[in-house]
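The values are calculated or read from the model by the stated rules, or taken from the named source; none is laboratory data. Not measured: the values here are computed from a predicted model. Backbone-built Cβ (ideal geometry, glycine too); neighbour counts: all protein chains shown.
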Amino acid sequence: MSTRIRLQRHGKKGKPFYHIVVADQRSKRDGRLIEKLGTYNPNTNPATIEINFDSAVNWMLKGAQPSDTARAILSYKGVMMKKHLLVGVAKGAFDEAEAEKRFESWMGGKEKKIADEIAGLNKVKIDTAKEKLKAEKTVKEEKAKAIALKNSQLKEEVEAAVDAKNAEESEEVAESTEETTTEETTVESTEEVVKGNAIEQVAEEATKKVVEETKAEETTEEVAEETKAEVTTEEVVEEKKEEETATEEVVESSEEKEAEETTEEVVEETKAEETTEEVAEETATEQVAEEPTEEVVEEKKVEEATEEVVEEKKEEDSAEEEKTKEA
């Protein structure tokens, strides 16, 4: 039966993981195996290979045939080179020490090459990371510039709006101050007008009071004078009554009827005089209320009228006395 060195698949979907095994060629891929030689993980960069070197060389010397992938793995790890050198020692081309020396020199070059490849991969990884970081930085800077530009535009718009609002508020404040000043001036003018009107009213009231006081004083003086005139008229009337009584006593004996008639006439005349006096007083009071200057003239006229009445009465009395004497 032929024996093969091949890969047996393990791992999950999308992330395979292989075992390097020695199995019968007729068995299934993941079926029964003879020996496990190592593992192969292609998910890392570079791929991770772990292998039992001596067992792999022993199986290769026995005649096990590797698959293509297994051959590449064994060649990469130096199993194929070791097998080749051991075949040369077996043929007598060179001794075992020379074979070992050649293998070590080959492995040194191989390890150096692998190290350089790993360094190159690391460098590429670092460079790609740097480029990625630089690209991200440039994108960030562009975004920051765009945001700064947008913020500056917004700031300018906000400042313009604030300036316009402040200007409107200042205009409104100026208008309100102007309105308040105009209102204050109007209020002051109205207050001055009101004060002037109040002063005029007070002056008018004061003048009215003074005029009323002067009128009252004049009316009191006129009333006093009228009372004096009435008193004098009453005295005159009393004197007349006394004279009449005297004349009546004198005339009683001779002519009672004539005396009675004369006395009645005298009484009627006195009543007429009293009525005339009352009318004169009423007219005088009315004229005093209307025109205080005309009252003096009217009072004088009344006095003159009373004097004339008194004189007439005296003349009548004298005439009656003469009549009585003649009788």
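The single condition among (1) surrounded by 11 or more Cβ atoms within 10 Å (Cβ to Cβ); (2) on the phi < 0 side of the Ramachandran plot that Gly120 does not meet is (1). Against the criterion of being at pLDDT 90 or above and either over 23 Å from Glu50 (Cα atoms) or out of contact with any helix residue (DSSP H, G or I) (no Cβ under 8 Å at 6 or more places or on another chain) (or both), Lys91 does not qualify.
So, in the stretch 50-71, of the ones that are out of contact with any strand residue (DSSP E or B) (no Cβ under 6 Å at 6 or more places or on another chain) and over 20 Å from Ser2 (Cβ atoms), which residue ends up surrounded by the most Cβ atoms within 10 Å (Cβ to Cβ)? Restricting to residues being out of contact with any strand residue (DSSP E or B) (no Cβ under 6 Å at 6 or more places or on another chain) and over 20 Å from Ser2 (Cβ atoms), the top hit is Phe53.
For the stretch 14-31, the condition holds for at least one residue, the condition being that it is among the charged types (D, E, K, R), part of a strand (DSSP E or B) and under 30 Å from Val124 (Cα atoms).
For the stretch 34-59, the set of residues classified as farther than 18 Å from Ser75 by Cα, in a loop (DSSP other than H, G, I, E, B), out of contact with any Lys or Arg (no Cβ under 6 Å at 6 or more places or on another chain) and at pLDDT 90 or above consists of Ile34 only.
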